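Chemist: Sharing a structure below in structure tokens format, with a few things to ask.
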Amino acid sequence: MTWLETSTENCTVQRTLDLIGEKWSLLVLRDAMNGVRRFDDFRRHVGLSEAVLADRLRKLVAAGVLETVPYREPGHRTRHEYRLTGKGWDLWPVMIALKQWGDRYTADPEGPPLEVRHRDCGEPLETVVVCAGDHGPLAPRQAYTRPGAAAHVTTG
């Protein structure tokens with residue numbers, strides 16, 4: 001079965017993009033990874049409407065990427081803050097890869113606006129692709145794609 005004979009109806013990249021591929025969802029995740037937890041802080045920092053933010057948060061919670069945790073400030077009603085789950089933190093390398101690409105191709109002439117560095121040594125982080133056999137970093141031509149267990153043949 002070749003790539004063009006493989007159906008994309010159950011493509012996990014497409015399913016992932018359906019869940020987090022929208023701009024506002026990614027920006028909410030970026031902020032959550034940097035410690036933002038409360039609705040008003042997301043709204044103010046990301047700069048989106050309450051309705052859009054509520055929709056994105058609801059979607060990310062329903063998918064198990066974020067969870068809600070109740071809190072109550074004295075004299076106020078109980079509210080919820082949003083925290084990344086393990087599933088949400090598994091997206092961290094994706095965010096670092098997007099940042100790395102953006103730093104290389106879209107940053108201002110002076111450089112990127114933010115740096116992500118290793119706590120122990122202070123060096124910048126970068127994403128690389130390695131294989132499970134401990135080889136890497138790898139270039140695209142060193143990899144190949146083949147049908148997996150759930151692959152379907154296209155009909156049409």
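Chemist: Identify, from the list Leu17, Leu53, Leu27, Leu60, the residue that is open to solvent by 50 Å² or more (accessible area, probe 1.4 Å), in a helix (DSSP H, G or I) and of a type outside the set (Lys, Arg).
Modeler: Testing whether each residue is open to solvent by 50 Å² or more (accessible area, probe 1.4 Å), in a helix (DSSP H, G or I) and of a type outside the set (Lys, Arg) leaves just Leu17.
Chemist: Could you list, in sequence order, the residues of the stretch 122-134 that are surrounded by 10 or more Cβ atoms within 10 Å (Cβ to Cβ) and either touching a Ser or Thr at 6+ places or on another chain (Cβ under 7 Å) or free of Cβ contacts under 8 Å to residues at least 24 places away in the same chain (or both)? First the steps, then the outcome.
Modeler: Quick first cut of the stretch 122-134, residues surrounded by 10 or more Cβ atoms within 10 Å (Cβ to Cβ) only: 124-131.
If the condition is that a residue be surrounded by 10 or more Cβ atoms within 10 Å (Cβ to Cβ) and either touching a Ser or Thr at 6+ places or on another chain (Cβ under 7 Å) or free of Cβ contacts under 8 Å to residues at least 24 places away in the same chain (or both), then Pro124, Val128, Val129, Val130, Cys131 are the ones that fit.
Chemist: Something else: Could you list all residues from the stretch 72-81 that are touching a residue at least 12 places away in the same chain (Cβ under 8 Å) and open to solvent by 40 Å² or more (accessible area, probe 1.4 Å)? Before the answer, list the steps.
Modeler: The first filter runs over the stretch 72-81 and keeps only residues touching a residue at least 12 places away in the same chain (Cβ under 8 Å), leaving 79-81.
Residues satisfying the conditions are Arg79, His80.
Chemist: Is it the case that some residue within the stretch 94-102 is out of contact with any strand residue (DSSP E or B) (no Cβ under 6 Å at 6 or more places or on another chain), outside any strand (DSSP E or B) and either farther than 16 Å from Leu26 by Cα or of a type in the set (Ser, Thr, Tyr) (or both)?
Modeler: Of all residues in the stretch 94-102, those out of contact with any strand residue (DSSP E or B) (no Cβ under 6 Å at 6 or more places or on another chain) come to 94-102.
From the residues that got through so far, the ones that are outside any strand (DSSP E or B) too are 94-102.
After this cut, where a residue has to be either farther than 16 Å from Leu26 by Cα or of a type in the set (Ser, Thr, Tyr) (or both) as well, the list is none.
The answer is no; no qualifying residue exists.
Chemist: Name every residue in the stretch 135-144 that is closer than 30 Å to Ser7 by Cβ, in a loop (DSSP other than H, G, I, E, B) and either basic (Lys, Arg) or open to solvent by 90 Å² or more (accessible area, probe 1.4 Å) (or both), in order of residue number.
Modeler: Matches in the stretch 135-144: Tyr144 only.
Each row is one residue, and each column tells you yes or no for (1) open to solvent by less than 100 Å² (accessible area, probe 1.4 Å); (2) within 18 Å of Thr12 (Cα to Cα); (3) out of contact with any helix residue (DSSP H, G or I) (no Cβ under 6 Å at 6 or more places or on another chain); (4) without any contact (Cβ under 8 Å) to a residue 40 or more places away in the chain.
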| residue | (1), (2), (3), (4) |
| --- | --- |
| Val94 | yes, yes, yes, yes |
| Trp101 | no, no, yes, yes |
| Tyr105 | no, no, yes, yes |
| Asp108 | yes, no, yes, yes |
| Asp120 | no, no, yes, yes |
| Arg146 | no, yes, yes, yes |
| Ala150 | yes, yes, yes, no |
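Chemist: Taking only pairs six or more apart or across chains, which ones have beta-carbon atoms under 7 Å, a first residue in the stretch 21-47 that is closer than 20 Å to Ala63 by Cβ, and a second residue that is hydroxyl-bearing (Ser, Thr, Tyr) and open to solvent by 30 Å² or more (accessible area, probe 1.4 Å)?
Modeler: Cβ pairs passing all conditions: Ala32/Tyr82; Arg37/Tyr82.
Chemist: Under the condition of being among the β-branched types (Val, Ile, Thr) and closer than 22 Å to Asp31 by Cα, which residue from the stretch 67-87 is farthest from the chain's Cα centre (by Cα)? Outline the logic, then answer.
Modeler: Residues of the stretch 67-87 that are among the β-branched types (Val, Ile, Thr), as a first pass: 68-69, 78, 85.
Still in the list and also closer than 22 Å to Asp31 by Cα: 68-69, 85.
On the way: Thr68: 18, Val69: 21, Thr85: 12 Å.
Looking at residues that are among the β-branched types (Val, Ile, Thr) and closer than 22 Å to Asp31 by Cα, I get Val69.
Chemist: Listed residues Val69, Val65, Val52; which is more than 18 Å from Lys87 (Cβ to Cβ) and β-branched (Val, Ile, Thr)? Step through it out loud before you land on a result.
Modeler: On the way: Val69 fails: more than 18 Å from Lys87 (Cβ to Cβ); Val65 fails: more than 18 Å from Lys87 (Cβ to Cβ).
Unique residue meeting the criteria: Val52.
The values are calculated or read from the model by the stated rules, or taken from the named source; none is laboratory data. Since the model is a prediction, treat every value here as computed from it, not as a measurement. Methodologically, a virtual Cβ is constructed for each residue, glycine included, from the backbone with ideal geometry; neighbour enumeration extends over all protein chains shown. Side chains included, ligands, DNA and RNA excluded: accessible areas come from the protein's heavy atoms. Shrake-Rupley method; radii C 1.70, N 1.55, O 1.52, S 1.80 Å.
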